[in-house]
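Here's the structure, in structure tokens; my notes come after.
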Amino acid sequence: MKENIFVTRSAMPPYKEFAEAIKPLWDSRWLTNMGCYHKQLEDQLKDYLKVPGLSLLVNGHMALELAIQAFQFPSGAEVITTPFTFISTTHAIVRNNLQPVFCDVKRTDGTMDESMIEDLITERTVAIVPVHVYGNVCNVDAIQKLADRYGLKVIYDAAHAFGLEDQDRGIGSYGDASVFSFHATKVFHTIEGGAVAFSDPKLYDRLYTLKNFGIQGEELVTGIGANAKMNEFAAIMGLCNLKYLSRTFTERKKRYDFYKMQLKGIQGLRFFERKEGIENNYAYFPILVEDDYGITRDALSDCLRAEGIYARKYFYPLTSDQACFKNKYRKASLNQARTLSQKVLVLPLYEDLNMEQIEHITSIINRYATNGTKIISST
Ligand SMILES: *Cc1c(COP(=O)(O)O)cnc(C)c1O
């Protein structure tokens, strides 16, 4: 039986190395509650990501939820965000009793269209929550300028932007806070995990309290917190994975470049444009299936699936179209976001995906192209 190929496959450190690394826990019995590995990972990630401050959390979603909560916005206030994202972004806003206001994205790279933000600002607006998607970074300068002019906070969903830099600064150093996800499917992971990066040192204490039930002292609870602490096993997985990151990026880049080469010249396939001077983190390989390709995105997805290749329509549907949010919130016309969500397909990309598998995937894509060489499948 042919092996299925999923969109991603978690990177793992050598088993022996991880086993050695977790051994001290059998003596210390300090398994969670901000132990020494939690501290080590916080320090190392702060350096790696080039951010002034960083707090680790149990996952990216709780990091986003608590990052928003840390600013204590008034209930019912409006937050400008985009619907071309993972559902977590919108959930985090709504679960803080805030109203998402949906802004469109740019056709070129899928990030928030900064030219459309101003029209959505009202006296109830308190923050902007933009999303860096597939390693394409938002126009951080334009967004900051608007935020300054209107006194708004900026909290980035940077789950897709691990390790990126813009103008020699860690991407997480922009805005008031940036949230990373270290889920098993992400380019760097701690099994489950996440972090908030920030510049204001007050946020470190606020998040420390919020991720630990709002507890301030042994007998003092000052905030309505959650339990969102990263445990020591997860932190150790992160410390181990961090050592192999440069290899991870190199291996992913090889596969990314090979895809690019194999798919060159196929009519109706488009790629996102990447901002000049920004290194890719090769976290995803999204393609856009345009009208002049031989079949629709959905049909292509089905054809790949029939051969055991699980590409993902990521992000589809728009979060604003999901059953829980449909027609509930204010939005701009979302033409570009809607179009992208109907055309985008994320192809499998991970460190140990082999070149033959990529050849197989791209040969199927070539087969259904208008200008493709109609190879009849041998299977
Ligand atoms: C993965 C992801 C999240 C959520 O992170 P978890 O660690 O899975 O909770 C949020 N936003 C985006 C864009 C993501 O890709």
Next item on the list: Sort out which residues of the stretch 140-153 are among the aliphatic types (A, V, I, L, M) and either within 15 Å of Asp113 (Cα to Cα) or within 16 Å of the ligand (Cβ to nearest atom) (or both), and write them in order of number.
Entry: Val140, Ala142, Ile143, Leu146, Ala147
Note to self: Can you confirm whether Ile236 is of a type in the set (A, V, I, L, M, F, W, C), more than 16 Å from the ligand (Cβ to nearest atom), touching a residue at least 24 places away in the same chain (Cβ under 8 Å) and farther than 23 Å from His132 by Cβ?
What the structure shows: yes
Note to self: Of the conditions (1) within 16 Å of the ligand (Cβ to nearest atom); (2) in contact (Cβ under 8 Å) with a residue 60 or more places away in the chain, Tyr156 satisfies every one except a single condition; which number is it?
What the structure shows: (2)
Check: How many of the residues making up the stretch 224-243 are surrounded by 17 or more Cβ atoms within 10 Å (Cβ to Cβ) and more than 20 Å from Ala184 (Cα to Cα)?
Finding: 2
Note to self: Suppose we filter Asp168, Asp176, Asp148, Asp157 for residues that are over 18 Å from the mean Cα position of the chain (by Cα), modelled with pLDDT of 95 or more and acidic (Asp, Glu); which single one remains?
What the structure shows: Asp148
Margin query: Exactly one condition in (1) closer than 27 Å to Ile80 by Cα; (2) within 12 Å of the ligand (Cβ to nearest atom); (3) more than 16 Å from the chain's Cα centre (by Cα) is false for Met230; which is it?
Written below: (1)
Notebook entry, point to check: Only one residue in Ala306, Ala337 is small (Gly, Ala, Ser) and touching a residue at least 12 places away in the same chain (Cβ under 8 Å). Which one?
Noted result: Ala337
Notebook entry, point to check: Which of (1) among the small types (Gly, Ala, Ser); (2) surrounded by fewer than 22 Cβ atoms within 10 Å (Cβ to Cβ); (3) near the ligand (Cβ under 9 Å from one of its atoms) is the odd one out, the single condition Ser173 does not satisfy?
Noted result: (3)
Next item on the list: Select from the stretch 177-207 the residues that are among the aliphatic types (A, V, I, L, M), within 12 Å of the ligand (Cβ to nearest atom), surrounded by 24 or more Cβ atoms within 10 Å (Cβ to Cβ) and not in a strand (DSSP E or B) and list them in ascending order.
Entry: Val187
Notebook entry, point to check: Do you know which of the residues in the stretch 107-124 that are surrounded by fewer than 24 Cβ atoms within 10 Å (Cβ to Cβ) and more than 14 Å from Ile143 (Cα to Cα) is nearest to the ligand (Cβ to nearest atom)?
Noted result: Asp109
Margin query: I'd like to know if the stretch 15-22 contains one or more residues that are within 28 Å of Arg95 (Cβ to Cβ) and either assigned to a helix (DSSP H, G or I) or away from the ligand (no atom under 16 Å from the Cβ) (or both).
Written below: no
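The values are calculated or read from the model by the stated rules, or taken from the named source; none is laboratory data. Here the structure is a predicted model, which is why all the values come from computation and not from measurement. Counting neighbours? That spans all protein chains shown, and the Cβs are built from the backbone with ideal geometry, glycine included.
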